[in-house]
Amino acid sequence: MKHKRWSRAIAYLAITVSALVMLVPFAATLMNSLKTYKEYTAVPPKWIPASLQWSNYAKVLELGHFGQYTFNSFFVALLSVAGAVISCSMVGYAFARLRFPFKNALFVMVLGTMMIPPVVIIIPHFIIFNKLHLLDTLTPLWVIEWLAQPFGIFLMRQAFMNIPKEYEESAKMEGCNPFQVYVRIFMPMVKPTVATLVIFTFMGKWNEILAPVIYLTSNEKFTLPIGILSLGGQWVGNEQLMVAAALISLLPILALFLFAEKYFVQNHANSGIK
Amino acid sequence: MEQTIERTGRAENGVRPVPKRRRDSSESRWGLIMVSPYLIHFVVFVAGPLAASLYFGFSDYDMLNPPKWTGLDNFARMGSDPLFWKALRNTLLFTVLFVPLQTLLALLLAVALNQKLRGLKWFRMAHFIPVISSWTVILYVADAIFNPRFGAANALLTRLGLDAQRWLQDEKLAIPLLVVIAVWKGIGYIMVIYLAGLQSVPGDLYEAAEIDGAGAYRKFRSITLPMISPTTFLVVVMSTITTFQAFEQIYVLTGRGDMSQAGGPNNSTMVLMLDLYREGFTYLRMGYASAIAWVLFMILFALTMLQLRVQKKWVHYE
């Protein structure tokens, strides 16, 4: 018994140290965002500024295209979420509940697509969007989400497969076609999985850097992660503002996380069980 | 056509048509309609691009003129391009350092957290905050600690009477530090996957071991490790695939938004994805960049096959 108490004590110690290693750098960053430029670049660094410069945050919102970047990020993330929910649930439903020709072959294609590293198809994607005159627009960042990504299909299919058969039988008796059964009966039953898909897609798009770097060239088209980086050139001598800008860009995700933590964790945990 | 048959059927029998048959044809139609977004996706954004990319790999293509078939030229050029070899070496080094370190630390954390500690949720949340942050956020967090001028790490070293370091601007330190930062950012994610895996290890195994007098290390070594090995396998394969294609973290942490600086100093953090990006999107050598993509894919494929083969030796399935 004594032995067990020791191992718990060690576990507490390890996990507390680890949690501090995670959080202290964020606390230091928060402090940096509240310094004057002089304090921010002081050697040796001072942890806590003489007075907290909350006005840094107000300045970020006024300067440069920060508002525009925020709008662009929300635009891309929300359109992607809508597309992913609609397309992945529809395709996932068909794979889970309907019988149609070539179903198995098609599903093997979905699984196959999951294995292909994105790196081999990014150049042709760029060429496609160039041909469509969609470079330097936000369209390439969200449009593909409306065509059902394999991971989302897989997630939704699993959820639909867990629903007992009786539900669709009774709906069919009442003369609903498969699409109506999907919209009216099945969609409301998989809300937790939809929440997982929403969060997964939103976070992925909000934090994405590679695609915006590839597709966007005009500053006013930038999304937050690359927009903030681009402020470096304009804000020389004001770098503490970039720290504030970065932390503002974390806020929506952080709020979503604090509000719906279990869906973040659930999704990642599920990917382990598969 | 279908409808005519059904209608005649109804007329002849004088009863409703056999419901099963009718349902099936309409079900097929609906199935194909509902799956069509993915069909378009596959044809336009997967199969077509794969074929095109393969063709470009053997061509000279600058997007302005049509691609010109050049056979193995791109691959020959890659072989004699020192930057490619450096990028390949760095990619392998990064993966070899990162994957085992992150996997091991995440497992240890998960084991510690799995002891039914109070406040589990809060600890888990603390480890997830770096996971949900973009690399741009991480850049400024890393700056607070590792900025060569005013970061906390150098302040600490100076106070201890040691030499200040140039961290990411130091050719020797850059990759190890990138690994440390990446482990720090990603560990919460892997930890949560492990937590889910650990919860499925039956508790009576541990009780039986305790009766036999097994200590904490013995239980970890003989029960936890083998029982959790399918999760470990999955984590290792997954992390290898993503790490091999690492772009964002290196672009942001070494380039700070400037592509010409990314991969520095002196190409010491140049990885395959950055090399590919620069060849393709900066110099518009789309053919050469596609060839790099295929080589990257092939190495990754070989690595995954190797892992699949080796797993038989160490992964225990129920």
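The values are calculated or read from the model by the stated rules, or taken from the named source; none is laboratory data. It should be emphasised that the depicted structure is a prediction, and the values quoted were computed from it without experimental measurement. No Cβ is skipped: glycine too gets one built from the backbone with ideal geometry, and neighbour counts run over all protein chains shown.
Within region B:176-188, is there a residue that is at pLDDT 95 or above, among the charged types (D, E, K, R) and under 24 Å from the mean Cα position of the chain (by Cα)?
yes
Here is a check on your reading of the model: is residue B:115 closer than 18 Å to residue B:185 by Cβ and out of contact with any strand residue (DSSP E or B) (no Cβ under 9 Å at 6 or more places or on another chain)?
no
Regarding region A:128-147, can at least one residue be identified that is buried (at least 21 other Cβ atoms within 10 Å of the Cβ), part of a loop (DSSP other than H, G, I, E, B) and within 11 Å of another protein chain (Cβ to nearest Cβ)?
no
Starting from region B:25-53, keep only residues that are closer than 21 Å to residue A:101 by Cβ, then list their pairs with residues that are outside any helix (DSSP H, G or I) and among the aromatic types (Phe, Trp, Tyr) whose Cβ atoms are within a distance under 8 Å, requiring at least 6 positions of separation or different chains.
Going by the 8 Å Cβ cut-off, the qualifying pairs are B:27/A:100; B:28/A:100; B:29/A:100; B:30/A:100; B:31/A:100; B:32/A:100; B:35/A:100.
Would you say residue B:205 is under 27 Å from residue A:46 (Cα atoms), more than 14 Å from chain A (Cβ to nearest Cβ) and without any contact (Cβ under 8 Å) to a residue 40 or more places away in the chain?
Details: under 27 Å from residue A:46 (Cα atoms): no; more than 14 Å from chain A (Cβ to nearest Cβ): yes; without any contact (Cβ under 8 Å) to a residue 40 or more places away in the chain: yes.
No: the conditions fail for residue B:205.
Restricting region A:95-115 to residues that are among the aliphatic types (A, V, I, L, M) and more than 7 Å from chain B (Cβ to nearest Cβ), which is farthest from residue B:57 (Cα to Cα)?
My answer is A:96.
Here's a check for you: in region B:183-242, which residue that is farther than 24 Å from residue B:121 by Cβ and among the charged types (D, E, K, R) is surrounded by the fewest Cβ atoms within 10 Å (Cβ to Cβ)?
Across region B:183-242, the extreme among qualifying residues is B:204.
Mind listing whichever residues of region B:242-285 are more than 19 Å from residue A:215 (Cα to Cα) and small (Gly, Ala, Ser)?
B:263, B:264, B:268
Right, residue A:22: in contact with a Lys or Arg (Cβ under 9 Å, 6 or more places away or on another chain), within 10 Å of chain B (Cβ to nearest Cβ) and of a type in the set (A, V, I, L, M, F, W, C) or not?
Details: in contact with a Lys or Arg (Cβ under 9 Å, 6 or more places away or on another chain): no; within 10 Å of chain B (Cβ to nearest Cβ): yes; of a type in the set (A, V, I, L, M, F, W, C): yes.
Spelling it out, it is not the case that residue A:22 is in contact with a Lys or Arg (Cβ under 9 Å, 6 or more places away or on another chain), within 10 Å of chain B (Cβ to nearest Cβ) and of a type in the set (A, V, I, L, M, F, W, C).
Would you check if there is a residue in region A:61-78 being closer than 23 Å to residue A:139 by Cα, more than 10 Å from chain B (Cβ to nearest Cβ), surrounded by fewer than 19 Cβ atoms within 10 Å (Cβ to Cβ) and aliphatic (A, V, I, L, M)?
Checked region A:61-78: at least one residue is closer than 23 Å to residue A:139 by Cα, more than 10 Å from chain B (Cβ to nearest Cβ), surrounded by fewer than 19 Cβ atoms within 10 Å (Cβ to Cβ) and aliphatic (A, V, I, L, M).
Being of a type in the set (Ser, Thr, Tyr), crowded, with 21+ Cβ neighbours inside 10 Å and either away from every other protein chain (no Cβ under 14 Å) or not in a helix (DSSP H, G or I) (or both) is the filter here; which residues of region B:60-96 pass it? Break it down into steps so the answer makes sense when it comes.
To start, the set of residues in region B:60-96 that are of a type in the set (Ser, Thr, Tyr) comprises B:61, B:70, B:80, B:91, B:95.
If we keep only those that are crowded, with 21+ Cβ neighbours inside 10 Å as well, we get B:61, B:91, B:95.
Result: B:61, single match.
Please work out which residue is nearest to the other protein chains (Cβ to nearest Cβ), limiting yourself to region A:208-226 and to residues that are buried (at least 22 other Cβ atoms within 10 Å of the Cβ) and under 18 Å from residue B:143 (Cβ atoms).
A:225
Which residues, taken from region A:25-46, are in a helix (DSSP H, G or I), over 21 Å from residue A:58 (Cβ atoms) and within 7 Å of another protein chain (Cβ to nearest Cβ)?
Within region A:25-46, A:25, A:26, A:28 qualify.
Considering each of A:178, A:192 in turn, give the residue that is under 23 Å from the mean Cα position of the chain (by Cα) and either farther than 14 Å from residue B:45 by Cβ or of a type in the set (D, E, K, R) (or both).
A:192
Just name the residue that is surrounded by the most Cβ atoms within 10 Å (Cβ to Cβ) out of those in region B:140-175 that are part of a loop (DSSP other than H, G, I, E, B) and of a type in the set (S, T, N, Q).
Here is the first cut: in region B:140-175, the ones part of a loop (DSSP other than H, G, I, E, B) are B:147-151, B:160-166, B:170-173.
Right, trim to of a type in the set (S, T, N, Q) and you get B:147, B:165.
Working: B:147: 22, B:165: 17.
Selected residue: B:147.
Of all residues being more than 26 Å from the chain's Cα centre (by Cα) and of a type in the set (S, T, N, Q) in region B:136-175, which is nearest to residue A:248 (Cα to Cα)? Just the residue, please.
It comes out as B:147.
In region B:259-268, is there at least one residue being buried (at least 23 other Cβ atoms within 10 Å of the Cβ), within 22 Å of the chain's Cα centre (by Cα) and hydroxyl-bearing (Ser, Thr, Tyr)?
No, the conditions are met nowhere in region B:259-268.
Scan region B:46-104 for residues that are under 30 Å from residue B:191 (Cβ atoms) and aliphatic (A, V, I, L, M) and report the count.
7
Could you please let me know if residue B:142 is facing chain A (nearest Cβ under 7 Å) and not acidic (Asp, Glu)?
No.
Inspect region A:75-94 for any residue being in contact with a Ser or Thr (Cβ under 6 Å, 6 or more places away or on another chain), over 28 Å from residue A:191 (Cβ atoms) and assigned by TED's automatic domain parsing to the domain that holds residue A:201 and give the result as yes or no.
No; the residues of region A:75-94 include none that is in contact with a Ser or Thr (Cβ under 6 Å, 6 or more places away or on another chain), over 28 Å from residue A:191 (Cβ atoms) and assigned by TED's automatic domain parsing to the domain that holds residue A:201.
Any residue in region B:231-253 that is among the small types (Gly, Ala, Ser) sitting within a Cβ distance under 7 Å of a residue that is in a helix (DSSP H, G or I)? List the pairs, counting only those 6 or more apart or interchain.
Qualifying pairs under 7 Å: B:239/B:99; B:239/B:102; B:239/B:103; B:246/B:94; B:246/B:273.
Go over the candidates B:137, B:131, B:111, B:99 one by one and state the one that is at pLDDT below 95 and either part of a helix (DSSP H, G or I) or more than 8 Å from chain A (Cβ to nearest Cβ) (or both).
B:111
How many of the residues making up region A:3-35 are over 15 Å from residue B:115 (Cα atoms) and either crowded, with 16+ Cβ neighbours inside 10 Å or free of Cβ contacts under 8 Å to residues at least 40 places away in the same chain (or both)?
So the count comes out to 18.
Would you check which residues across region A:76-112 are touching a residue at least 12 places away in the same chain (Cβ under 8 Å) and among the β-branched types (Val, Ile, Thr) and list them?
A:76, A:81, A:85, A:86, A:91, A:110
If you check A:256, A:241, which single one turns out to be within 9 Å of chain B (Cβ to nearest Cβ) and among the hydrophobic types (A, V, I, L, M, F, W, C)?
Checking each option against the conditions leaves just A:256.
Residue by residue, here is whether (1) more than 21 Å from the chain's Cα centre (by Cα); (2) at pLDDT below 95; (3) not aromatic (Phe, Trp, Tyr) holds:
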site: A:214; (1), (2), (3): no, no, yes
site: A:225; (1), (2), (3): no, no, yes
site: A:242; (1), (2), (3): yes, yes, yes
site: A:247; (1), (2), (3): no, no, yes
site: A:260; (1), (2), (3): no, yes, yes
site: A:263; (1), (2), (3): no, yes, no
